[in-house]
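Have a look at this one before I ask anything.
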There are 2 protein chains.
Amino acid sequence: MTRKPVERGDVIPLLGEIFREHGYAGASLSAITERTGLGKGSLYHFFPDGKDEMARVVLDDVADWFETQVFAPLRDSEDAAAGIDHMFRAVVQFFHSGRRVCLVGTFALDETRDRFAVEVQSYFSAWTRALASALRRRGLKTRHARETAEDVVAGIQGALVLARSQDDPALFVRAMKRLQQRTRAV
Amino acid sequence: MTRKPVERGDVIPLLGEIFREHGYAGASLSAITERTGLGKGSLYHFFPDGKDEMARVVLDDVADWFETQVFAPLRDSEDAAAGIDHMFRAVVQFFHSGRRVCLVGTFALDETRDRFAVEVQSYFSAWTRALASALRRRGLKTRHARETAEDVVAGIQGALVLARSQDDPALFVRAMKRLQQRTRAV
DNA sequence: TCTACGTTGTACCGATCAGTACATAACCCG
DNA sequence: CGGGTTATGTACTGATCGGTACAACGTAGA
């Protein structure tokens, strides 16, 4: 029975949840210590640059997850349609059927965007480009593929807002179903 | 030349911009005094309950604007298509072609939602219901009208997120054009 | 002019903010 | 068993947080 197998990597998902729920400004150090169970000593040992570094690490973690689980399959899958279907499955899973909010979307809306402008910008542009690539391989013209990709990514983000505003995860799941249908009708 | 025609009503739009840019948690009293030019004395004279009351008044103001400028026309306009077109024009104007963010959407994402749960919930439900009503009068079945309305409102919110993430207002305007097109193809 | 009221600036409150310092403790390797 | 590194709790910093108290101000009506 090991005492505390707490590694830096273990707290990253917890930090993600905190930033999602409170936003960057609202995520106080006290909320972070409470949720992670780590004192300030440990926190600043793992993340010497404080809150800024914590958020950056989380953003990086999210970007990595989407790159391997969503973007790469969209770009590289032999069957483009399968890659897209896989995206929707991954998205529903990642956002806990609409109960979880998009960290990057949260950061994008308020002044936090300025602090993490590059990360926020590249997350969404990578997503739309990867999806557009899959749609092109499904036969859509370049322009139409890019437009549809933007609509779908925006639709996902908006559905998260709407589902949370109504406290109704089912709304999100239904919206994903319809967006998926739209990518099939080519 | 009157000295200071500052009335309570004059500061509400300013408060709106502050909450939009910083979110509720990030909108500090010092930011508010700076932006409005009003000291704490005046601020707490006009809004005795402090930040909470300020945000509530702003939410109310926004809800009123949308009710009269968007929802009512959607519901009551003889020509449903004209009501919908009017909505898109009003939306592009209100959100400054995507340069401005949705206050209610911002509040919906983080824990601020709990504080203003009722206001946030009713804003979006009023919007989707009003739009669904117009779509029904355009000939869509009840269910299809409601689904399309949810897609459109979510699409608007998502487009705001995306446009801001890319610092590209044109993205928002193009997305509105396409959503409008979708409401025409019945 | 005098008074009454709406408005304002300023000083102050305790609480909390992010971040630092540092002594101690737990751990790993020899 | 050492000894060195890693991790952690605690106490502290100055700044800022939201909010209150209150005296002084401006103006309007009598």
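The values are calculated or read from the model by the stated rules, or taken from the named source; none is laboratory data. These figures come from a predicted structure and were not determined experimentally. Note that each Cβ is placed from the backbone with ideal geometry, even for glycine, and that neighbours are counted across all protein chains shown.
Condition check: within 16 Å of DNA strand C (Cβ to nearest atom), over 24 Å from residue B:172 (Cα atoms) and in contact with a His (Cβ under 8 Å, 6 or more places away or on another chain). Does residue B:77 satisfy that?
no
Residue under question is residue B:70, and the condition is that it be modelled with pLDDT of 95 or more, under 23 Å from residue B:168 (Cα atoms) and part of a helix (DSSP H, G or I); does it hold?
Working: modelled with pLDDT of 95 or more: yes; under 23 Å from residue B:168 (Cα atoms): no; part of a helix (DSSP H, G or I): yes.
Spelling it out, it is not the case that residue B:70 is modelled with pLDDT of 95 or more, under 23 Å from residue B:168 (Cα atoms) and part of a helix (DSSP H, G or I).
Separate question: Do we find a residue being exposed (fewer than 14 other Cβ atoms within 10 Å of the Cβ) and among the small types (Gly, Ala, Ser) anywhere in segment B:47-65?
Yes, there is a match, as at least one residue in segment B:47-65 is exposed (fewer than 14 other Cβ atoms within 10 Å of the Cβ) and among the small types (Gly, Ala, Ser).
Return the only residue of B:31, B:63 being within 16 Å of DNA strand C (Cβ to nearest atom), within 14 Å of chain A (Cβ to nearest Cβ) and either of a type in the set (A, V, I, L, M) or not in a helix (DSSP H, G or I) (or both). Explain how you work it out, then say what you get.
Working: B:63 fails: within 16 Å of DNA strand C (Cβ to nearest atom).
Sole residue among the options that is within 16 Å of DNA strand C (Cβ to nearest atom), within 14 Å of chain A (Cβ to nearest Cβ) and either of a type in the set (A, V, I, L, M) or not in a helix (DSSP H, G or I) (or both): B:31.
If you go through segment A:163-186 one residue at a time, how many are in contact (Cβ under 8 Å) with a residue 40 or more places away in the chain and under 17 Å from residue A:83 (Cβ atoms)?
6
Of everything in segment A:156-186, what is among the aliphatic types (A, V, I, L, M) and not in a helix (DSSP H, G or I)? Give them in sequence order. Even if it seems obvious, please write down each step before you answer.
Start the filter on segment A:156-186 by keeping residues that are among the aliphatic types (A, V, I, L, M), which leaves A:156, A:159-163, A:170-171, A:173, A:175-176, A:179, A:185-186.
Across segment A:156-186, the qualifying residues are A:185, A:186.
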